[in-house]
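Let me begin by presenting the structure, written as structure tokens, before commenting on it.
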Amino acid sequence: MALFQCQVEKLVFGGAGLGHLKGQVVFIPGALPGEVVEIELQKQRGDFSEARLIRILEEAPERIAPQEDHFHCCSPWQILAPELEAYWKRQIVLDALQRQTVLCHNDLQVSEMGPRLGYRNRLEFHFTQVKNRLHLALHEPASQNPIPVETCQLGLPTLQRASQELILLLDDAQLRPKEMGRLVLRGNRAGQVVALLQLNTAAKQRLTSHQRHWPKLDFQFIVYSESFPKEAVSQSELFESVANARIYFGGLGFFQINPFCLELLVPVVGEWIKGEEVLDLYGGVGTLSLPHAEQTQSCMIVEENPDAIHFAQRNTKEIPHFQVTPSKVQQALKQIGGQQTVLLNPPRAGIANRVRQQLLTVKPKRLIYLSCNVSTCARDLKDLQDCYELKWQQAFNFFPATPHIELLTILERKK
């Protein structure tokens, strides 16, 4: 095994440390700026390499002790002091934007609200076996190797307790990892928890029989054979109170992971949609638009996920000026109008090409773009910059102790 020494210069998109080795860029997960590290090269990819951190030779003063041994599986920036995390997240956003677009606020701020651990309303585990005992597991980064864990401290405390209780019961039922897929726990700040377990048919039959002997659980437990259902799971209904609005969502559909930071973001969106005709694309259950129902002229939520559609309809059934359109956004392009304020909250892939082209053709008067991937956001903003000007932009730290960040950009059509 050939080992090399390298000095880390900065943190980059994705969370790795960047250094140079023999004139070539090398990315080192787990290394911090200013550190001298010993590394093993693992992958050569054109003009850069990826490396594994072997040993820290000179430690950065900003490095702090992680809260969990498995932090590299769930929150690799547990080693970074909070003020440095905010600094590097701002730099990463600015670097990504400034390389591609003029729609970039140079005085960009990073806002955060709520706890730095115990904030996630969704946890997902796999399983492994240690000394004939069943354990929860997370996958090691860039591999499928299961790492045994007790729980994950990123989750709401109720999710942590439910996961620890459930693993004891599953082990007592003599279930084994090869019989199970994933365990998803979803909850809210009111203490509701739903646990959804994927396992094969034979194991489901054994577990159903064994459940007669279980104590009463403080959470809802739902078992599925082979795969999670594609249809809405109404029996797993949860709710979250956001800006005085009660929003219902399910165990399987998308809902913002950090409800605390959502309280910070939603009022900002509200200031820009008052009195407006709103088109909520990639709208989910209506999280961004529903809290402002009384202030908006009208709203159409476009969503394709069956679970999210079910709950969007549940959330809007008593709001006559809100409409839910079950459709892929690419198939609802005719809904885009020139006098609308369009909300965009796409997946990590960003705004689909056909959608971007329709936006540029119709030119809605205002775009409110919430991105979970600043790289694809920068690409989208580059395409939009000839027709739109920047009115407001801010980053929100929805994922403390991780490299992930969300960016809210508000654009208005050029006159």
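Read-outs: derived from the displayed coordinates by stated rules, not from any lab. Quick caveat, the model's predicted, so the values are computed rather than measured. Cβ atoms come from the backbone with ideal geometry, glycine included; neighbour counts cover every protein chain shown.
Rank the residues Thr287, Thr128 as a footprinting-exposure proxy: fewest other Cβ atoms within 10 Å of their Cβ go first.
Numbers: Thr287 29, Thr128 19.
Taking fewest neighbouring Cβ atoms as first place, the list is Thr128, Thr287.
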**Asked** Hey, if you drop one equal point scatterer on each alpha-carbon of the stretch 276-415 and run the Debye formula without solvent, what base-10 log of I(q)/I(0) do you get at q = 0.12, 0.20 Å⁻¹?
**Response** -0.46, -1.27
**Message:** Using the Cα centre of the chain as the reference point, and only Cβ charges (+1 on K/R, -1 on D/E), how large is the resulting charge dipole? Debye, rounded to the nearest 20.
**Reply:** 960 debye
**Item:** Centre separation in Å (Cα based) which lies between the stretch 366-396 and the stretch 178-221
**Value:** 41 Å
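Just need the relative contact order of the chain here, percent rounded to a whole number, with Cα pairs under 8 Å and 6+ apart.
Details: 897 pairs, mean separation 54.2, N = 415.
That works out to 13 percent.
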**Prompt:** Which whole-number percent gives the relative contact order of the stretch 1-120, counting Cα pairs below 8 Å spaced six or more residues apart?
**Reply:** 17 percent
**Cα-only Debye scattering, the stretch 122-226: base-10 log of I(q)/I(0) at q = 0.13, 0.22 Å⁻¹** = -0.44, -1.27
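For each of His105, His213, His20, count neighbouring Cβ atoms within 10 Å of the residue's Cβ, then give the residues from fewest to most.
Details: His105 17, His213 9, His20 13.
The most exposed by this proxy come first: His213, His20, His105.
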**Per-pair calculated FRET efficiency, R0 = 30 Å: Gln42 and Ala65 via Cβ, rounded to 0.05** = 0.70
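What order do you get for 354-363, 89-98 when each peptide is scored by the mean count of other beta carbon atoms within 10 Å, highest first?
Values: 354-363: 16.4, 89-98: 19.3.
Peptide ranking by packing, descending: 89-98, 354-363.
Roughly how large, in nm² to one decimal, is the mean projection of the convex hull of the alpha-carbon atoms in the stretch 1-88?
Working: hull surface 23.6 nm².
For the stretch 1-88, the mean projected area of the Cα convex hull comes to 5.9 nm².
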**Fill in**
Ranking Ala349, Gln164, Gly14 by how far each Cα lies towards the positive end of the charge dipole of the chain (+1 on Lys and Arg Cβ, -1 on Asp and Glu Cβ), the top one is Ala349
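Could you work out the equivalent-ellipsoid semi-axes for the chain, taking the square root of 5 times each eigenvalue of the Cα gyration tensor, largest first, in whole Å? Mind dumping the intermediate values first?
Details: eigenvalues 247, 214, 63 Å².
Equivalent ellipsoid semi-axes, largest first: 35, 33, 18 Å.
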**Prompt:** Whole-Å semi-axes of the stretch 245-299's equivalent ellipsoid, largest first, each the root of 5 times a Cα gyration tensor eigenvalue?
**Reply:** 19, 13, 9
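Please list, by residue number, every one of the trypsin sites (Lys or Arg not before Pro) in the stretch 266-349 that is coil in DSSP and has at most 16 other beta-carbon atoms within 10 Å.
Working: sites: Lys274, Arg314, Lys317, Lys328, Lys334, Arg348; in loops: Lys274, Lys317, Lys328, Arg348.
For trypsin sites (Lys or Arg not before Pro) across the stretch 266-349 that sit outside H, G, I, E and B with at most 16 neighbouring Cβ atoms in 10 Å, the list reads Lys274, Lys317, Lys328, Arg348.
How long are the semi-axes of the ellipsoid equivalent to the stretch 65-183, from square roots of 5 times the Cα gyration tensor eigenvalues, in whole Å, largest first? Before the final figure, lay out each step's value.
Numbers: eigenvalues 261, 48, 30 Å².
Its equivalent ellipsoid spans semi-axes of 36, 15, 12 Å.
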**Fill in**
For the table Lys43/Lys89; Lys365/Lys414; Lys334/Lys391; Lys131/Lys178; Lys365/Lys415, the rows whose alpha-carbon distance is greater than 19 Å are Lys43/Lys89; Lys334/Lys391
**Asked** Residue farthest toward the positive end of the dipole of the chain, with Cβ of Lys/Arg at +1 and Asp/Glu at -1: which of Ile147, Gln339, Phe71?
**Response** Gln339
